[in-house]
Amino acid sequence: MENSALKTKNVTKYFHDPVTIPVLKNINLDVKKGEFVSIVGKSGCGKSTLLYVLSTMDSDYEGELEINGTLVTGLSLNALAKIRNESIGFVFQFHYLLPDFSCLKNVMIPGLRLGKYSVKEVEQRAYEKLKMFGVEELALKNANRLSGGQQQRVAIARALINDPAIIMGDEPTGNLDSKNTGIVFDLFQKLSKEYGQTLITVTHDEDFAKRSDRIIEMADGEILKH
Amino acid sequence: MKISVNTEIALTYLSSRKKQTAVAAMGVMFGISMFIFMQSLMKGTNDYFEKASFSSTAHIRMYSENKVADAHMLNSFLKDNSEKILINPKQLTQSQGITNPYGIIQNIKKNKQVVAVTPQVTATVIYSSGSVNINGTVAGVSIDEEDKMFDVQTNMVTGDLHDLNRVNNGLLIGKGVADKLSLHVGDNITVRAGTGSPMIMRVIGIFATTIKQIDESKSYANIVQAQNLLGKDRSYVTDIKVNLADYNNAPKVARDLETITGYKAEDWVQSNEQLKAAFKIRAIILNSVIAVILLVAGFGIYNILNMTIYEKIKEIAILKATGFSGGSVVSIFLQQAAYIGVMGGFVGVIFGFVLTFMVSKIYIGAGTLKYLPMSFYVPHYIEAVTFGILTTIAAGYFPARKASKVDPVSIIRG
Ligand SMILES: Nc1ncnc2c1ncn2[C@@H]1O[C@H](COP(=O)(O)OP(=O)(O)OP(=O)(O)O)[C@@H](O)[C@H]1O
Ligand SMILES: [Mg+2]
């Protein structure tokens, strides 16, 4: 059985604005199932850009991307959307919740989209996820009435709703105090160790990075060390 | 009921901007109610004029065309095909009147579309009373059948039309004729047809239609009296009038009757070109007004959705990032358009009916037209709703497609 959760072959990406410059240069990466890796590097070195490529949201790159052993490069947008819904949870650098909905609904929506569980079950699961991050009492509050840190925790809960095989976070703890950062880290570790979920997080938090399984260091669109 | 997540999101977006939703729905409501109102007014008016026109015109009139002798006739008579030149051709004598009218009537009655057939003897006459002469026509009819086909009774001013059957030389005259000759019921009138001798007839009634021209020239007599006027025998008939179950079939049935009988059959469309033209012009006006109304309503929806998408572009990006496909996004926004359309449509139908009903009570009082003619015709309501929903969906589709094309990465990057 293929043991790789995510693999890239010579991924290269250019930005054409204002001049054509490569932001990602020949990225070769192999993340194993159940691995908890951190990506670190200076601001502007291309971490977020890489993560968008890995998450299938950005399909404008050269090279190949495999997820769970299947080549996803060149798949249709609809097929990619399905893969994201089913097997990728994403926490954005700036927590993006839907402001017209309650926290609970925000967490539920990707689950409802997947349609694997009934509405009741999805709601039940959403509550559990919120509880893990200590924001369950905010469940019925509108998402735009939350503090930054609270929003970020709800966003992490949303990323977990479909039990995705891969969870990606772009500085998922950027807005959290050390106590909550600890909670998130412990939970991520538990997901990787106990449930075999793969975690790829971009972080500036050295401590957070050091405690993860592996650190991937980036500079100027290249991987220095992994 | 299990509602899909797309529906839930669509409804949340609509209810989180209630004011704009209401405004857009009101646009649709206005469009649909105006559609219904205009259609009802138009159909009511058309029906009224159609009815008015059929109160004097049969759906089909059959008569013998005045034919002029030609070489073709001569050839078929002589059974030889050589070229012939006719010098000074004359009108054929048999072109006056219809031969064997009652046999032809039996034949016409066999056509399933035909509901009424009646013979008529039309005589061009000069009415005189005292020293005043006016031109006109006498329609020799069976007044009972005439009444059934054209509802003569409603046009009666004074007198009893059935007296035509009882009084031997009775004449039912138009109001214009009566006024010009200063005649009243019971008075005598001298009537002279071109070929016959003058006859003294008795005014038994006066009628008034909405058409002045008719009132100033027409009169009804018993068919036998008209034949006498012209000095013809009992088998002489100039016209056969035919009414159909559906007058829209008149042109086709007329062609059929022509082939069967060999006489000219003129349908009401031919004899009422101007009526048909008026219908067409009104239809064009109506359709342009409706198109404008629906366009405005459509723009309302287009606008609100475009604004929603502009405001919610980040959220659309999130939805796509969490696995909503382009199709789901289209469905979310198209559903918003559809709900606006349904809300507006529902209220619009009610409002359209109320408006039509209220306007139908406006008193006009011109001639036989008492109230504004409005029709209450169910297909109008169905059409209005169908058009409304189609416009809504068309107006919603373009913004929805734009939303589905949002590239999540470029938005989330900021
Ligand atoms: N749309 C764009 N067009 C052109 N250049 C871009 C675009 N988006 C990002 N860049 C550039 O690409 C490089 C990589 O950006 P990226 O967001 O991946 O950095 P990052 O490593 O995530 O930084 P940070 O730690 O600050 O989040 C940067 O130099 C940035 O200026
Ligand atoms: Mg970044």
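Listed values, structure above:
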read-out	value
Rg to Rh quotient for the range A:45-93, alpha carbon positions, Kirkwood Rh	0.93
Bins of 5 Å, starting at 0 and running to the largest distance - Cα pair percent for the range B:23-102	3, 11, 10, 10, 9, 8, 7, 6, 6, 7, 6, 5, 5, 4, 3, 2, 0
Residues losing 10 Å² or more accessible surface upon assembly, the range B:367-414, compared with the chain by itself, 1.4 Å	B:408, B:409, B:412, B:413
Magnitude of the charge dipole, the range A:4-225, Cβ model with Lys/Arg +1 and Asp/Glu -1, debye to 20	480
Zone of residue B:255's modelled label, taken as backbone nitrogen in the range B:111-134 under 19 Å from a point 7 Å along Cα→Cβ	B:111-114
Equivalent ellipsoid semi-axes, the protein assembly as shown, via Cα gyration tensor eigenvalues times 5, rooted, Å	91, 28, 18
Most mobile of B:203, B:152, B:292 in a GNM of chain B (Cα contacts under 10 Å)	B:292
Total formal charge among the other residues, if their Cβ is under 11 angstrom from that of residue B:406, Lys/Arg +1 and Asp/Glu -1	+4
Positive dipole terminus of the range A:110-208, leading residue within A:182, A:143, A:198 (C-beta point charges)	A:143
Between the range B:31-96 and the range B:249-299, the Cα center-to-center distance that results, in Å	16
Where only alpha carbons of the range A:4-225 are counted, the Rg and the Dmax (Å)	17.0, 51
Solution diffusion estimate, µm²/s, Stokes-Einstein, chain B, Kirkwood Rh from C-alpha pairs, 37 °C, viscosity 0.692 mPa s	123
Cross-link pairs beyond the 27 Å C-alpha cut-off, checked among B:212/B:241; B:148/B:180; A:13/A:116; A:33/A:210	B:148/B:180; A:13/A:116
Residue B:248/residue B:289 FRET efficiency (R0 35 Å; Cβ-Cβ; nearest 0.05)	0.90
Formal net charge of residues neighbouring residue B:158 (Cβ-Cβ distance under 15 Å; K, R +1; D, E -1)	-3
Gain upon complete extension [residue B:273, residue B:4; 0.36 nm per residue less C-alpha separation]	91.2 nm
Between the range A:203-220 and the range B:310-381, the Cα center-to-center distance that results, in Å	57
Mean ellipticity per residue at 222 nm, deg cm²/dmol - from DSSP H runs of n ≥ 4 across chain B, formula -39500 (n - 2.57)	-18000 deg cm²/dmol
Too-long pairs where the Cα-Cα distance tops 30 Å, listed order kept, from A:25/A:105; B:79/B:109; A:141/B:19; A:105/B:405; A:7/B:312; A:82/A:131	A:25/A:105; B:79/B:109; A:7/B:312
Span from the the range A:121-175 Cα centroid across to the the range B:127-150 one, whole angstrom	93
Listed peptides B:36-42, A:64-70 by packing density, highest first (mean Cβ within 10 Å)	B:36-42, A:64-70
Relative counts (whole %) of C-alpha pair distances in the range B:354-414, using bins that are 10 Å wide	17, 22, 19, 15, 11, 9, 5, 1
Sulfur and carbon atoms: percent of accessible area, chain B [1.4 Å]	61
Per residue accessible area in Å² of chain A, where ligands, DNA and RNA are left out and the probe is 1.4 Å	45
Peptide-level mean, for A:105-116, of C-beta atoms on other protein chains within 10 Å	4
Environment charge of residue B:124, counting only residues whose C-beta is closer than 12 Å and scoring Lys/Arg +1, Asp/Glu -1	+2
Cα convex hull of the range B:304-388 - mean projected area over all directions, nm²	7.7
Residue-averaged beta-carbon neighbours from other chains (10 angstrom radius) around A:68-79	1
Convex hull projection area averaged over all views, the range B:226-358, Cα basis, nm²	16.3
Mean accessible surface per residue for chain B, computed with a 1.4 Å probe while every protein chain stays in place, in Å²	50
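The values are calculated or read from the model by the stated rules, or taken from the named source; none is laboratory data. Every value quoted in this text rests on a predicted model; they were computed, and no experiment measured them. Positions of Cβ are generated from backbone atoms using ideal geometry, with glycine treated the same way; all protein chains shown enter the neighbour counts. These area figures cover heavy atoms from the full protein model, side chains too; ligands, DNA and RNA do not enter into them. Shrake-Rupley method; radii C 1.70, N 1.55, O 1.52, S 1.80 Å.
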